[in-house]
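See below for the structure under consideration.
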């Protein structure tokens, strides 16, 4: 789905017939962290680099044609505080969601996902990126198609044939041994795990008693360390599993509980699906 946006100084100053004013078509992934579309109040950081010849000019912290302009969604359209006009030459456009007021480094921007994602920390951990090169006014609106550049883990609990009753309401899911800090390169929309980062536990976002989600920094987790902990009825169950969390992918752990959680031992089986995070 695409949303057309006009850069304007105020709502009543929109002049779409003016070919000098930059317009935008903002494309979002099918899902953000906790929504199916951009919502009223969302904002992105917008950059544009004017290209003068055959040698490409890279995105920089400052000195670009457009520098970290706040592009905001009012529920119907996208707007900036000031009218943006086309450059004389083609421009490379970059978009970053969510809007970051101050970006001190373009190639090594420090970012961290929340360790408690069972609340606002879940969506705050989402990071999207868009890049469209060599756009001119003759091509019409600038199309910015955002993509996820982090990784997502989904835990789905299924009741096996021998499971009796319901999964307790007090169930909590945690991800173990993950580095939650990384370095972001906004010239390519890529992330690299903090090599000196501390391994931490991340509380997953509870969708229901049978579904939990978390946004993670892309990284490899070895089987020798616990991956997921389920706590229910006052008892914690640790599951070891090796998994390579890839940027822009959803990794789903389908966990089958084969016996009831009120027993001392609970039978657990795991099946994994890996899909693109649209």
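The values are calculated or read from the model by the stated rules, or taken from the named source; none is laboratory data. Remember, it's a predicted structure, so these values are computed and weren't measured experimentally. Ideal geometry is used to build each Cβ from the backbone, glycine not excepted, and the neighbour counts take in all protein chains shown.
The table below gives the values:
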{"read-out": "Residue that is surrounded by the most Cβ atoms within 10 Å (Cβ to Cβ) [pool: residues in region 73-86 that are touching a helix residue (DSSP H, G or I) at 6+ places or on another chain (Cβ under 9 Å) and part of a loop (DSSP other than H, G, I, E, B)]", "value": "86"}
{"read-out": "Members of region 38-60 found to be farther than 22 Å from residue 88 by Cβ and buried (at least 16 other Cβ atoms within 10 Å of the Cβ), listed by number", "value": "38, 42, 43, 44, 45"}
{"read-out": "Which listed residue, of 126, 170, is at pLDDT 90 or above and either out of contact with any strand residue (DSSP E or B) (no Cβ under 8 Å at 6 or more places or on another chain) or closer than 19 Å to residue 246 by Cα (or both)", "value": "126"}
{"read-out": "Residue list for region 122-139, restricted to those being farther than 15 Å from residue 97 by Cβ and either assigned to a strand (DSSP E or B) or free of Cβ contacts under 8 Å to residues at least 60 places away in the same chain (or both)", "value": "133, 134, 135, 136, 138, 139"}
{"read-out": "Condition check for residue 142: outside the structural domain of residue 87 (by TED's automatic domain parsing), under 28 Å from residue 190 (Cα atoms) and touching a residue at least 24 places away in the same chain (Cβ under 8 Å)", "value": "no"}
{"read-out": "Count - residues of region 75-98 that are modelled with pLDDT of 95 or more and under 28 Å from residue 215 (Cβ atoms)", "value": "5"}
{"read-out": "Residue within region 41-57 that is out of contact with any strand residue (DSSP E or B) (no Cβ under 7 Å at 6 or more places or on another chain) and closer than 24 Å to residue 191 by Cα present", "value": "yes"}
{"read-out": "When residues of region 235-258 are limited to those that are over 22 Å from the mean Cα position of the chain (by Cα) and buried (at least 19 other Cβ atoms within 10 Å of the Cβ), the one modelled with the lowest pLDDT", "value": "257"}
{"read-out": "Region 213-234 - residue that is at pLDDT 90 or above and under 17 Å from residue 252 (Cβ atoms) and, of those, surrounded by the fewest Cβ atoms within 10 Å (Cβ to Cβ)", "value": "218"}
